[in-house]
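Structure record follows, encoded as structure tokens.
The values are calculated or read from the model by the stated rules, or taken from the named source; none is laboratory data. Keep in mind that this is a model prediction, so the values were computed, not measured. For neighbour counting, all protein chains shown are included, and Cβ atoms are generated from backbone atoms with ideal geometry for every residue, glycine included.
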């Protein structure tokens, strides 16, 4: 019987641990504030921002919200970020992506002070991860590592395959698995013999962005499968990059969609906010 990795339960454990830490920090007179900038009215972004606010409230982190119009100039947005960089009350800054077309996301990410980059997207944060130094780590991959560790799944010495090479998930995921002494292969849409590569994996992390692309023909018997994808199918139900029903009989552990990786992203964002004070 496969272990269904419960991201909701594990993220709640992490949030409860953080809540205790924050209470202790407040006892020492230290408060934590997260500034969240949302530009425009993207409905998915509004849901995420709202969830982040709720998590802050639960843990005891002050949440400062800046909802800016879609028409804001790039210059004005960068000015706002610089202002928050200088604000000593603010520990973390998060700009909700995607941004409107006329704003350069890369420029925005680079403007956030690295010591306040709780999303872990700044080139300095990414560089620190790649050379094994301390720094903020992108929240989704950090969440995957916690899911594995807290489910008692050993990473050291295992054959790990990451399908996907995005800057937000694929690349940092590979570096984190490497840091945990996994043997790591990064595969992607242009990988020759993708099925054969995926079938080598003891731990398969899928962040490919295509609904139900990975079926049992990609899975080694008894593998651990982590599904980072999230989509709506024809019936408007949520599904992942992995065909869950098809692979469930072949795996030793799997994350469901929803309720797997998703809740972990916000838990790890909160973790980054708390460690920003350290």
**Message:** On the basis of being on the phi < 0 side of the Ramachandran plot, surrounded by fewer than 16 Cβ atoms within 10 Å (Cβ to Cβ) and not in a strand (DSSP E or B), does residue 220 make the cut?
**Reply:** no
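Can you tell me which residue in the stretch 86-99 is modelled with the lowest pLDDT, limited to those that are surrounded by 15 or more Cβ atoms within 10 Å (Cβ to Cβ) and not in a strand (DSSP E or B)?
Checked the stretch 86-99; the qualifying residue modelled with the lowest pLDDT is 97.
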**Complete:** When every residue in the stretch 26-44 that is in contact (Cβ under 8 Å) with a residue 12 or more places away in the chain and surrounded by fewer than 17 Cβ atoms within 10 Å (Cβ to Cβ) is compared, the one nearest to residue 73 (Cα to Cα) is 41
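Here's the yes/no breakdown for (1) assigned to a helix (DSSP H, G or I); (2) touching a residue at least 12 places away in the same chain (Cβ under 8 Å):
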{"site": "234", "(1), (2)": "no, no"}
{"site": "256", "(1), (2)": "no, yes"}
{"site": "259", "(1), (2)": "no, yes"}
{"site": "266", "(1), (2)": "yes, yes"}
{"site": "269", "(1), (2)": "yes, yes"}
{"site": "273", "(1), (2)": "yes, yes"}
**Asked** Residues of the stretch 167-189 being out of contact with any helix residue (DSSP H, G or I) (no Cβ under 9 Å at 6 or more places or on another chain) and within 27 Å of residue 97 (Cα to Cα), which ones?
**Response** 189
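Out of all the residues in the stretch 17-54, which are in a strand (DSSP E or B) and closer than 18 Å to residue 88 by Cα?
First pass over the stretch 17-54, keeping only residues in a strand (DSSP E or B): 33-39.
Selection gives 33, 34, 35, 36, 37.
In the stretch 67-78, is there at least one residue being at pLDDT 95 or above, within 18 Å of residue 269 (Cα to Cα) and surrounded by 16 or more Cβ atoms within 10 Å (Cβ to Cβ)? Show your work before the answer.
Our first condition is that a residue be at pLDDT 95 or above; within the stretch 67-78, this holds for 67-78.
If we keep only those that are within 18 Å of residue 269 (Cα to Cα) too, we end up with none.
Checked against the condition, which is being at pLDDT 95 or above, within 18 Å of residue 269 (Cα to Cα) and surrounded by 16 or more Cβ atoms within 10 Å (Cβ to Cβ), the stretch 67-78 yields no hits at all.
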**Request:** Keeping to the stretch 55-80, report how many residues are in a helix (DSSP H, G or I) and closer than 26 Å to residue 18 by Cα.
**Result:** 5
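For residue 191, are the conditions met, namely being more than 14 Å from the chain's Cα centre (by Cα), at pLDDT 95 or above, surrounded by fewer than 23 Cβ atoms within 10 Å (Cβ to Cβ) and more than 21 Å from residue 121 (Cα to Cα)?
Details: more than 14 Å from the chain's Cα centre (by Cα): yes; at pLDDT 95 or above: yes; surrounded by fewer than 23 Cβ atoms within 10 Å (Cβ to Cβ): yes; more than 21 Å from residue 121 (Cα to Cα): yes.
Answer is yes for this residue.
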**Complete:** Scanning the stretch 236-254 for residues that are part of a helix (DSSP H, G or I) and within 22 Å of residue 200 (Cβ to Cβ) gives 244, 246, 247, 248, 249, 250
